[in-house]
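Before any comments, here is the structure.
The values are calculated or read from the model by the stated rules, or taken from the named source; none is laboratory data. The model shown is predicted, which means the values in this text are computed figures rather than measured ones. Here the Cβ positions follow ideal geometry from the backbone for every residue, glycine too, while neighbour counts run over all protein chains shown. Accessible surface is based on the protein model in full, side chains and every heavy atom, while ligands, DNA and RNA are left aside. Shrake-Rupley method; radii C 1.70, N 1.55, O 1.52, S 1.80 Å.
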Amino acid sequence: MNYGNLAYEYPEHYTQPVRRKKVQRVREDKRKREQMLCKVRNIRRIAAIVVVALSAGFMISEFVTVNETGQEIASLKKELNTIESATSQMIFDMEQSVDLAEIERQATTRLGMKRPEKYQTIYVNVKQDDYVESTAEEVEGLGNGMVSMLKRIGSNIVQFFSIK
C-alpha cells in the first residue's frame, strides 16, 4: 500500500505545455517591455541632441548677427570720426580765411553799418562758479581704482554675453 500523496498524477504532456507557454509569454513580455524602454530611451536621447543642436545653432546665429552689427557700428564710427575731423579742418580753414578788417569794410561801405556807441553797450556780470574742485585722492584713490576696474570687468562680461 502506498501512503504518499493521494492526488491524481497528470500525464507530463498535460501540465508542462501550459507552464512553458506562461513562462514563454512572461519572457516575451519582459523582452518587449525592455525593447520598448530601449526605444524610448533612444528617442529621448535623440530629442535631447536635436534640442541642444538647435539651441546652439540659434545662439551662433545671434552672435554672428551681433558681431556683424558691432563691425558695422565700428566702421560707421570710423567714418563719423573722419567726417568730424574733415569738418573741424574746414571750420579752421574758414576761420583763418575770414578777415575781420574786410568784413568791417564791407559792413560800413556796402551795408552802411556803424560801430555801436558807448551808451548802446550793456555789460552783464554773472556770479556763478566756473570751476570744480577735486583732489587727487578722490580721483586716483585705491578704492576708486578698484571700483572702476570691477565696473569695467562687469561691463565687459555683460557686453560679451548680451545679445542686442
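For an R0 of 35 angstrom, estimate the FRET efficiency from the Cβ-Cβ distance between residue 46 and residue 161 and round to the nearest 0.05.
Working: r = 29 Å, r/R0 = 0.84.
It comes out at approximately 0.75.
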**Study point:** Residues of the stretch 73-102 with amide N under 17 Å of a point placed 7 Å along Cα→Cβ from residue 113
**Key:** 95, 98-102
Study note, to complete from the structure: Once 129, 99 are ranked on solvent-accessible area with the largest value leading and a 1.4 Å probe, the list reads 129, 99
